[in-house]
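A.B. asks: Would you mind keeping the following structure in view while I ask a few things?
The values are calculated or read from the model by the stated rules, or taken from the named source; none is laboratory data. None of these values were measured; they are calculated from a predicted model. Glycine also receives a Cβ, built like all others from the backbone with ideal geometry; neighbour counts cover every protein chain displayed.
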Amino acid sequence: MSTKKSGGSSKNLRDSNPKYLGMKLHDGQVAAVGNILVRQRGTRVVPGKNVKVGKDHTLYSMVGGKVTYKTVRKTRFDGKILSKKMVSVN
């Protein structure tokens, strides 16, 4: 006879750390040089004036100034028109 009860195994008790995605500076706020504006997966928000894209699609400012967001219409290579949000720093 066993003196210990068998401890079963469970494979679904792990979870990944949060990635803290989203807008870091909103419309009207002031950005310094190199400030992160948006953390995202893919280009949900596209870069505008004075904004660059990092290798993980993070948008950051190239100059100091006021952050502005607006909606633009982008035409894809197959002719489909998409509405995207664009961020600029002026």
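A.B. asks: In region 35-44, is there at least one residue being crowded, with 16+ Cβ neighbours inside 10 Å, at pLDDT 95 or above and at positive phi?
C.D. replies: no
A.B. asks: Does at least one position in region 72-86 carry a residue that is surrounded by 11 or more Cβ atoms within 10 Å (Cβ to Cβ) and of a type in the set (A, V, I, L, M, F, W, C)?
C.D. replies: Yes; the residues of region 72-86 include at least one that is surrounded by 11 or more Cβ atoms within 10 Å (Cβ to Cβ) and of a type in the set (A, V, I, L, M, F, W, C).
A.B. asks: Return the total of residues in region 16-27 being of a type in the set (Phe, Trp, Tyr) and either closer than 14 Å to residue 59 by Cβ or touching a residue at least 40 places away in the same chain (Cβ under 8 Å) (or both). Talk me through it step by step, then tell me what you get.
C.D. replies: Quick first cut of region 16-27, residues of a type in the set (Phe, Trp, Tyr) only: 20.
Those left that are additionally either closer than 14 Å to residue 59 by Cβ or touching a residue at least 40 places away in the same chain (Cβ under 8 Å) (or both): none.
Total meeting the criteria: 0.
A.B. asks: Only one of these is closer than 14 Å to residue 88 by Cα and out of contact with any Phe, Trp or Tyr (no Cβ under 7 Å at 6 or more places or on another chain): 60, 20. Name it.
C.D. replies: Residue meeting the stated conditions: 60.
A.B. asks: If I ask for residues that are under 21 Å from residue 18 (Cβ atoms) and outside any strand (DSSP E or B), which ones from region 55-90 would you list?
C.D. replies: 55, 56, 57, 58
A.B. asks: Turning to a different aspect of this structure: For region 28-54, name all the residues that are under 12 Å from residue 67 (Cα atoms), assigned to a loop (DSSP other than H, G, I, E, B) and either without any contact (Cβ under 8 Å) to a residue 12 or more places away in the chain or touching a Lys or Arg at 6+ places or on another chain (Cβ under 9 Å) (or both).
C.D. replies: Answer for region 28-54, where residues must be under 12 Å from residue 67 (Cα atoms), assigned to a loop (DSSP other than H, G, I, E, B) and either without any contact (Cβ under 8 Å) to a residue 12 or more places away in the chain or touching a Lys or Arg at 6+ places or on another chain (Cβ under 9 Å) (or both): 28, 29, 35, 48.
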